[in-house]
1. If you take every DSSP beta bridge fully contained in the range 29-353, what fraction is antiparallel? Give it as a percent rounded to 5.
2. Just to confirm my numbers, what's the Cα centroid distance between the range 533-567 and the range 435-481 in Å?
3. After finding the eigenvalues of the alpha carbon gyration tensor for the chain, what semi-axes result from the square roots of 5 times each, listed largest first in whole Å?
4. Order of 255-262, 484-491, 193-200, 368-375 by packing, highest average Cβ count within 10 Å first?
5. Return the equivalent ellipsoid semi-axes of the range 445-588 as a descending list in whole Å, where each equals the square root of 5 times an eigenvalue of the C-alpha gyration tensor.
6. What does the extension gain come out to for residue 79 and residue 363, with contour length at 0.36 nm per residue minus their alpha carbon separation?
7. Over the range 363-438, what is the relative contact order in whole percent, taking alpha-carbon pairs under 8 Å and six or more residues apart?
8. Quick check on the exposure proxy: order 164, 542 from fewest to most C-beta atoms within 10 angstrom.
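Bear in mind that the values in this text are calculations on the coordinates, not laboratory data. Please read these numbers as outputs of a predicted model, since none were measured by experiment. No Cβ is skipped: glycine too gets one built from the backbone with ideal geometry, and neighbour counts run over all protein chains shown.
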């Protein structure tokens, strides 16, 4: 693995205040144990942001994609890990183990993911914002179904909102009383639908961890592991920043670096840091299926994985049980290659019924369709088409009174009805037979194969102009997936004008002109674009919240129509996207 020294400027100081109203875990037998002063080695297995990826994903080794992970494969790997360190292994996750999920989980409200994780042997987890996407009632149902413990030290008023959630727990791991402390992102409530956190607030992570650690020591803990749904990102100067690094610095200044470790949410590449007065980090692409790394000797030890199980970590800690002092620490980043193990049969068996029911659901009729919504790559990725208008309109109609809606053309992969979906029922009316045809759930899932969720953002006129300029710029590139299909507004552009100044007018459907200024508008889109995907860098700076799975929304919206046709979603006399290149006075208003 290529390593890069990174120097970070750590925030100086923090206020130590009581911030959690969660009940403390009662002191247990650890406080009375006659602990050994001989070092022992234990293993922490961790993954980040699995997001219900029950089936395999593409991991990467030396830049080459390989089928990896999935529930049954990860279960087989973790069984081997536990066998190597019997009684001295804990398997944990850092939040968002479910949410923003593929259809096998989302169609059944995440139940298959929880059942799979139970069989995989997950021991501990904390919360990410996507765990709250369906509200507290759904989250509580998932907590009740789970056979592992949820930890969140920086959530207030937990007993009034959720059951079976603690700030920390103390586990005997190979003879060491280890405190496991969970924290979540203070911005999480702003990333979901308003009210999804009930009356809970999310407080600053560092004071909450310090308070929980003090209580855990009173319960007999001598060492700790913080599982944090907190992020880091690369700066323009090539360094790293983010709340996970701020927390690591705070714990180091509190004198905790030799007693525990910190595991954060998913990163774009496997990452380890030792954070003291400055920080040294190593990261980069995996060159082998198992990549061992040794952190520096000084500072708080931080680990971050890739998402969806594309990598997981084996963290090996040598600890003196009596004092909790860590005398040695090392980590292995593992790409769980699918064909390197025999998938765990009990996991596959538990999921078989869900798979069959999902296959049956795909044949469900949504509505009738009078003509093809053609998706021809060179058309949809450079101009307005009926298929794009259909999806953008249905995102718009679903939203909570948005002003506008957008979706990238690259996310729309097949026509309606889809030639890529062949229903088993041969009696259905389908192309090339005469229309109207039966439109089925499987058609929509083939058209929109990616796991995207609808997000609503508050953006400025300036943000919208920058977003549309980017769409216009990529329209000149062959096979330009970022090109936007739109709803709720219209715009005009001239490709003969300089890049960045090609858009000459944007207006809402009612004719209201949108200026490139600070006036705010509600945008409905998908999470991929909201996070800056396809180069839409103006959008991640906006505040918003996540709604439902895109395919489910489109299906629900289509059900409201007995029959649809492409003529209903394309009006050549009133185009939404108006290319006036070469038209005399085309940009004069």
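1. On the way: 44 of 69 bridges.
Among the beta bridges of the range 29-353, antiparallel pairing accounts for roughly 65 percent.
2. The range 533-567 and the range 435-481 have Cα centres spaced 8 Å from each other.
3. On the way: eigenvalues 421, 151, 94 Å².
Each semi-axis is √(5λ); the values are 46, 28, 22 Å.
4. Values: 255-262: 21.0, 484-491: 23.5, 193-200: 16.8, 368-375: 18.6.
So the peptides 255-262, 484-491, 193-200, 368-375, ranked by packing, come out 484-491, 255-262, 368-375, 193-200.
5. 26, 20, 16
6. My answer for the length gained is 98.5 nm.
7. With pairs under 8 Å counted, the relative contact order is 43 percent.
8. The fewest-first ordering by Cβ neighbours comes to 164, 542.
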